[in-house]
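**Student:** Got a structure here, written out as structure tokens. Questions coming.
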Amino acid sequence: MRKPEAEIQERELEPTPGTMREDSLTKSVNVLSALTGWLLTVTMIFFFLVMVAEVFVRKLTGRSLYGAYEVCGIFMIWISTLGAFVAYREGEFVRLSFVVESFPAAIKKMVELTRQVVVILLVVFLAFSGFTFVFSATVLNQVTTAFQIPAIVGYLPIPLAFLFLVFACVERFRQMLPGYYREDRRGG
């Protein structure tokens, strides 16, 4: 029994594993993702070591390790914001896919594209707001209490993560467009 032509064409638009189109945007986002993953790993190791040292020092001496909470607070900002980019890139970011799945196939693609445009606009706004905040006079003139580290060190990953998310969202949007993968098969 032959399958309807529309179903065959719809399936042709879907990528097969290992055939992701590698353009400059995708390559750039892959590099950002790899570097961010490495930075997250290093940050989480240092976060863990500082927390373990804090616990041991407090148990042995009854006093807190100087600056441990400050450093861990900075590490938490780095881990949570840059981790959001990695989670989105790996497809592990939380979303309500069951809502989209309830639509018919013809409407589902349009809903997905619209949702992605809204996400892009939101992330662009958050990146812009983040850079505005981080480079404001208040933050630029502020230092941390214990180590006198410029506050920008702690806050900078917020706009950077949103900027990285802009690139990742645009990349995903482009991959959702009709014909994106079909061109890849023709060598174009």
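**Student:** Ignoring everything but the protein chains, give the 1.4 Å probe accessible area of Ser102 in square angstrom, nearest 10.
**Tutor:** 90 Å²
**Student:** Sticking with this one: Using a Förster distance of 25 Å, how high is the FRET efficiency between Ser24 and Glu92, based on the Cβ-Cβ distance and rounded to 0.05?
**Tutor:** About 0.50, to the nearest 0.05.
**Student:** While we're looking at this one, here's another question. Under a point-charge model restricted to the Cβ atoms of Lys and Arg (+1) and Asp and Glu (-1), what is the dipole moment magnitude of the range 47-188 relative to its Cα centre, in debye to the nearest 20?
**Tutor:** Charge dipole of the range 47-188: 240 debye, to the nearest 20.
**Student:** Fully extended, how many nm does the chain gain between Ile107 and Asn141 (0.36 nm per residue separation, minus their Cα-Cα distance)?
**Tutor:** That pair, Ile107 and Asn141, stretches by 7.2 nm at full extension.
**Student:** Could I ask something else about it? Rolling a 1.4 angstrom probe over the protein heavy atoms, how many square angstrom per residue are accessible across the range 61-139?
**Tutor:** Value for the range 61-139: 63 Å² per residue.
**Student:** How would Ser80, Ser24 rank on accessible area, largest to smallest, probe 1.4 Å?
**Tutor:** From most exposed to least exposed: Ser24, Ser80.
**Student:** Work out the charge dipole of the range 38-164 with +1 on the Cβ of Lys and Arg and -1 on the Cβ of Asp and Glu about the Cα centre, then indicate which of Ala127, Cys72, Ile149 is farthest towards its positive end.
**Tutor:** Positive-end residue among those listed: Cys72.
**Student:** Classify the range 54-151 as rounded, prolate or oblate from the Cα gyration tensor: take a ≥ b ≥ c as the square roots of its eigenvalues, call it rounded if a/c is under 1.5, otherwise prolate when a/b beats b/c and oblate if not.
**Tutor:** Taking the square roots of the gyration eigenvalues as a ≥ b ≥ c, the range 54-151 is oblate.
The values are calculated or read from the model by the stated rules, or taken from the named source; none is laboratory data. This is a predicted model, so every value here is computed, not measured. With ideal geometry, Cβ positions are generated from the backbone for all residues, glycine too; neighbour counts draw on all protein chains shown. Areas reflect the complete protein model, heavy atoms only, side chains present, ligands, DNA and RNA absent. Shrake-Rupley method; radii C 1.70, N 1.55, O 1.52, S 1.80 Å.
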